Amino acid sequence: MVAVMSAFHVGALAALFVASWSAVVTAAILYWIGISLGIGMGYHRLLTHRSFKAPKPVEYFLAVCCTLALEGGPISWVGTHRVHHQKADRDGDPHSPRHGGFWAHMGWVLCGHSNHNDTAGMSKLAPDLAKSGFYRWLNTYHYVPQVILGVLLAVVGGWSMVLWCVCVRVVLGLHSTWLVNSATHMWGRRRFATLDDSRNSWWVALLTFGEGWHNNHHAHPASARHGLAWYELDLTWLQIRLLQFVGLVKSAKVARLTSAPVELEAA
């Protein structure tokens, strides 16, 4: 894991010497696909918390988008995140800053004991996903869509496109997502008196398309909307609403903005 992460970071630095507008713009689009459509909408709000419903083709498409973020397969990601909510900032939390900021940010990935490729072992944490042959396959071979994308980018745009659209994009996406584990449990404001250290961070929300409203999320984990106030920009929620408008999403759960956690209302 250390070797792979180091290689991607070296590749991201090398990309600075072969920059092109086409590569940068393509990387930005793929960043949105991997982090917002993938991690935020797919792995997190749909598969982990089931905060809305979508047809299986849409669900599977979002899951494939998730793999482009290189954060493991659906069973491993969902299982790990569910453990985080069950034991947030207590013993057993996979990535609490109470064990150190570096540990919460990336140490748990580099030195942790979880094996993202151990589909059988991680299935115990997400048994609902483990029932699906598609999710079992995608969890074991989560790197395949990334490899296919890399080959296509190399054919179309050469090394510049590969370094920007794979290395730079993946590194920025990883650190942005990891900031939700680290920064939003250390700095920011707390609207709700949750039992964990979760906080709302506007700048992490900008980097992650709405995932930074983390205190809101821990107070209402089943809510498809994380930015509860009008000034809390949550682009992933706006995308869910758009898909709901065209009939591809239904039964989205939305928390009301009150002083304490309450039951959800269907949007």
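General observations
- Residue match in segment 210-231 (condition: of a type in the set (Asp, Glu), modelled with pLDDT of 95 or more and either under 19 Å from Trp187 (Cβ atoms) or touching a strand residue (DSSP E or B) at 6+ places or on another chain (Cβ under 7 Å) (or both)): yes
- In segment 116-139, residue surrounded by the fewest Cβ atoms within 10 Å (Cβ to Cβ) [restricted to those that are under 18 Å from the mean Cα position of the chain (by Cα) and more than 18 Å from Leu62 (Cβ to Cβ)]: Asn117
- Qualifying residues in segment 28-70 (those that are in contact (Cβ under 8 Å) with a residue 40 or more places away in the chain and in contact with a Pro (Cβ under 7 Å, 6 or more places away or on another chain)) - the one surrounded by the fewest Cβ atoms within 10 Å (Cβ to Cβ): Val64
- Selection from segment 199-209 of residues that are assigned to a helix (DSSP H, G or I) and either surrounded by fewer than 16 Cβ atoms within 10 Å (Cβ to Cβ) or aromatic (Phe, Trp, Tyr) (or both): Trp202, Trp203, Leu206
- Flag if Leu172 is surrounded by fewer than 18 Cβ atoms within 10 Å (Cβ to Cβ), within 19 Å of the chain's Cα centre (by Cα) and more than 14 Å from His44 (Cα to Cα): yes
Yes or no, residue by residue, for (1) modelled with pLDDT of 95 or more; (2) small (Gly, Ala, Ser); (3) in a loop (DSSP other than H, G, I, E, B):
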{"site": "Met5", "(1), (2), (3)": "no, no, no"}
{"site": "Ile33", "(1), (2), (3)": "yes, no, no"}
{"site": "Ile39", "(1), (2), (3)": "yes, no, no"}
{"site": "His44", "(1), (2), (3)": "yes, no, no"}
{"site": "Leu62", "(1), (2), (3)": "yes, no, no"}
{"site": "Ala69", "(1), (2), (3)": "yes, yes, yes"}
{"site": "Ile75", "(1), (2), (3)": "yes, no, no"}
{"site": "His84", "(1), (2), (3)": "yes, no, no"}
{"site": "His105", "(1), (2), (3)": "yes, no, no"}
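- Any hit, segment 185-198, residues being crowded, with 23+ Cβ neighbours inside 10 Å and within 13 Å of the chain's Cα centre (by Cα): no
- Annotation for segment 129-149: at least one member residue is at pLDDT 95 or above and in contact with a Cys (Cβ under 8 Å, 6 or more places away or on another chain).
- Selection count, segment 227-254, where residues are within 17 Å of the chain's Cα centre (by Cα) and without any contact (Cβ under 8 Å) to a residue 24 or more places away in the chain: 2
- Asp91 meets each of the listed conditions (1) buried (at least 20 other Cβ atoms within 10 Å of the Cβ); (2) more than 22 Å from Thr208 (Cα to Cα) apart from (1).
- Any hit, segment 106-114, residues being touching a helix residue (DSSP H, G or I) at 6+ places or on another chain (Cβ under 8 Å), touching a residue at least 12 places away in the same chain (Cβ under 8 Å) and surrounded by fewer than 16 Cβ atoms within 10 Å (Cβ to Cβ): yes
The values are calculated or read from the model by the stated rules, or taken from the named source; none is laboratory data. The shown structure was predicted, so the numbers you read here are calculated from the model rather than taken from an experiment. Counting neighbours? That spans all protein chains shown, and the Cβs are built from the backbone with ideal geometry, glycine included.
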